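These notes concern the structure reproduced below.
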Amino acid sequence: MHVTNDIRYIGVDDHQIDLFEGLYPVPDGISYNSYVILDEKIAVMDAVDTHFGAAWLDSLRAVLDGRTPDYLIVHHMEPDHSASIALFMDAYPEAVIVASAKAFPMMKAFFGNEYAERRMIVKEGDVLSLGRHRLSFIAAPMVHWPEVIMTYDQLDQVLFSADGFGKFGALDTEDEWACEARRYYFGIVGKYGAQVQSVLKKTSALELRAICPLHGPVLKEEQLTEALRLYDLWSSYQPESKGVLIAHASVYGNTRAAAEELARLLEEKGEKVVLQDLNRCDIAEAVEDAFRYDRVVLAAATYNADVFPPMRQFITWLTERGYRNRTIGLIENGSWAPMAAKVMNGLLQSCKDITLLEPVVTVRSALNDESRQALAALAEALL
Amino acid sequence: MKYVCEVCGWVYDEEQGYPEAGIAPGTKFEDLPEDFECPLCGVGKDQFSEE
């Protein structure tokens, strides 16, 4: 596949994987992207996962048409991109690895080799000329690992963005970019909003015709503009849409019934509502909804004088990712000593710029007139 | 004074300095070079806060 006349795609689709990073379900698989820039010198951008090294080298050989690559530029050291480095370096003994200073100790730690005699260490602002293509390097620490660099091809105006702008889903599946890019962003990069903002500031000065991430499609034209808009929004922790996520963790179904009742009340008022059953859903879907919408209601049962574990886990996912700048309502359930709201409130204390709504709704075992009235008051407060 | 990297938790202690990077003991955080980076995760001075 041609990205531009000189830039070719040689990545692979993985449909075997069930959990990405051991955590994220990927029913449509994922792609490990790799690119080649053909010039007087040839640069290969990143390797692929260990299971696809041979297929990747076959694609590379087909593009090279008898030539040999000069550089392997390593933007990121997670093994889904770096595990085939050794295969490449053995196949092309003249090639040199180009990466940040922090990448090489990681190479040693993961794979036992840091290529001391075959490497070029680059930092922010360094330029590597392939002939007509001049590549400038952009440091992108903690987007989302410390060694990450991005590369800008000045001739074709293409940004190689490492895991930034990546998404779940193999390239042979058709879907809207934002949906799985959002789940990927908030799951994997979400904690590092300030670091993404630093990179966006640097790239805003560049003319961009394409962004080539390490997962998901190459972004061009309207899709590129939309991706930049969303990344700016996401990384500054601004809500993307008006709406209410109601995330519930119910033991017998009564907390769920309260969540559904609240959803009905809000929908009657014309609000967009999304319900997530934390006991069963992919938690990363609930997390992306929590960041996507401007309001969230957490509904949970009391359990062992604490909050029901799926809710505790959900709030941990949010606070780990710097959750902030949202309005939150709480619904608790407890049959003899309701504790869930107190615990949820405590867990949320580390979040900045959170508005906690009154009233906190307490359900005693099952909804009754009193708790229905409290739900109606919470619905009003959410409007 | 101590300053902590908000990203990874590494601590810059003015009393200790950071001799590994040529920063002498007693160097104030504000006197660290503008391009000073967290030695663990690489983010800049703007992402440190007082401990």
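Rule-based calculations on the coordinates, nothing more; no lab input. As the structure is a computational prediction, the values presented were derived from the model and not from experiment. Here the Cβ positions follow ideal geometry from the backbone for every residue, glycine too, while neighbour counts run over all protein chains shown.
Farthest towards the positive end of the charge dipole of region A:241-382, among the residues A:Leu357, A:Gln276, A:Gly253, is the Cα of A:Leu357, using unit charges on the Cβ of Lys, Arg, Asp and Glu.
Think of chain A as a dipole: +1 on every Lys or Arg Cβ, -1 on every Asp or Glu Cβ, centred on the Cα centre; then among A:Leu171, A:Ile10, A:Asn325, A:Asn325 lies furthest on the positive end. A simple spin-label model places the labels of B:Asp31 and A:Glu94 5.2 nm from each other, with each point 7 Å out along Cα-to-Cβ.
Taking square-rooted eigenvalues a ≥ b ≥ c of the alpha carbon gyration tensor, is region A:263-335 rounded, prolate or oblate, where a/c under 1.5 means rounded and, failing that, a/b exceeding b/c means prolate? Oblate is the answer for region A:263-335, as a/c is 1.5 or above yet b/c matches or exceeds a/b. Working value for chain B: equivalent-ellipsoid semi-axes of 15, 12, 10 Å, each the square root of 5 times a Cα gyration tensor eigenvalue, largest first.
Our helix-only sum for chain A, with -39,500 (n - 2.57) per DSSP H run of n ≥ 4 divided by its residues, gives a mean residue ellipticity at 222 nm of -9500 deg cm²/dmol. DSSP bridge analysis restricted to region A:269-358 gives an antiparallel fraction near 15%, rounded to the nearest 5. I need the shape label for chain A. Rule: rounded when a/c is under 1.5, else prolate if a/b > b/c, else oblate, with a, b, c from the alpha carbon gyration tensor. Here chain A falls in the prolate category.
Of all beta bridges that DSSP places with both ends in region A:24-167, some 60 percent have antiparallel geometry. Residue exposure proxy: B:Phe36, A:Phe291, ordered by other Cβ atoms within 10 angstrom of their Cβ from fewest to most, comes out as B:Phe36, A:Phe291.
Per-residue mean of foreign Cβ neighbours for B:33-42 is 4 (Cβ atoms of other chains, 10 Å radius). The dipole here belongs to region A:188-267: it is taken about the Cα centre, uses +1 on the Cβ of Lys and Arg and -1 on the Cβ of Asp and Glu, and is about 280 debye. With K and R counted +1 and D and E -1, the other residues having a Cβ less than 13 Å from that of A:Leu278 yield a net charge of -1. Against chain A, whose longest principal axis comes from its Cα atoms, helix A:309-320 is set at around 50 degrees.
Each residue of region B:37-51 was assigned a 3J(HN,Hα) from its phi angle through the Karplus expression (A = 6.51, B = -1.76, C = 1.60, θ = phi - 60°), giving 10, 4, x, 8, 10, x, 7, x, 4, 5, 9, 10, 9, 4, 6 Hz with x at Gly and Pro.
How would you order A:371-381, A:13-23 from highest to lowest mean count of nearby Cβ atoms within 10 Å?
Final packing ranking: A:371-381, A:13-23.
For A:Val218, no residue whose modelled amide H falls within less than 5 Å of its own remains once neighbours fewer than 5 places apart on the same chain are excluded.
Taking the DSSP bridge list for chain A and keeping only pairs wholly inside it, about 40 percent are antiparallel. Helix A:254-268 and the long axis of chain A differ in direction by around 80°, with both axes built from C-alpha atoms. When the GluC sites (Glu not before Pro) in region A:81-161 are filtered for DSSP coil states and for at most 11 other beta-carbon atoms within 10 Å of their beta-carbon, the remaining sites are A:Glu94, A:Glu117.
Could you give the angle, 0 to 90 degrees to the nearest 10, between helix A:369-382's Cα long axis and the longest principal axis of the Cα atoms of chain A? Taking the Cα atoms of chain A, the angle to A:369-382 is about 40 degrees. Once you reduce region A:71-102 and region A:327-383 to the center of their Cα atoms, the two points are 52 Å from each other.
A Cβ-based charge dipole, computed about the Cα centre of chain A with Lys and Arg at +1 and Asp and Glu at -1, lands at about 1100 debye. Remark on A:Ser365: its backbone amide H falls under 5 Å from those of A:Gly334, A:Ser335, a criterion applied only to residues 5 or more positions apart or on other chains, H modelled at 1.01 Å from N.
In chain B, taking the dipole from charged Cβ atoms about the Cα centre, the farthest positive-side position among B:Gln47, B:Gly9, B:Pro33 is held by B:Gly9. Note that region B:27-36 has calculated 3J(HN,Hα) couplings of 6, 5, 4, 5, 8, 5, x, 4, 8, 4 Hz, one per residue in order, obtained from phi through the Karplus relation 6.51 cos²θ - 1.76 cosθ + 1.60 (θ = phi - 60°); glycine and proline are x.
The count of lysine pairs in chain A that are at least 8 places apart or cross chains, and whose C-alpha atoms lie under 23 Å apart, stands at 22. About its Cα centre, region A:7-235 has a charge dipole of approximately 820 debye under the convention of +1 per Lys or Arg Cβ and -1 per Asp or Glu Cβ, with nothing else charged. Amide H contacts for A:Gly11 (H built 1.01 Å from N in the peptide plane; partners 5 or more residues away or on another chain; cut-off under 5 Å): A:Ser34. Shown in residue order for region A:298-303 are the 3J(HN,Hα) couplings computed by the Karplus curve 6.51 cos²θ - 1.76 cosθ + 1.60 at θ = phi - 60°: 9, 10, 8, 7, 7, 8 Hz (x for Gly and Pro).
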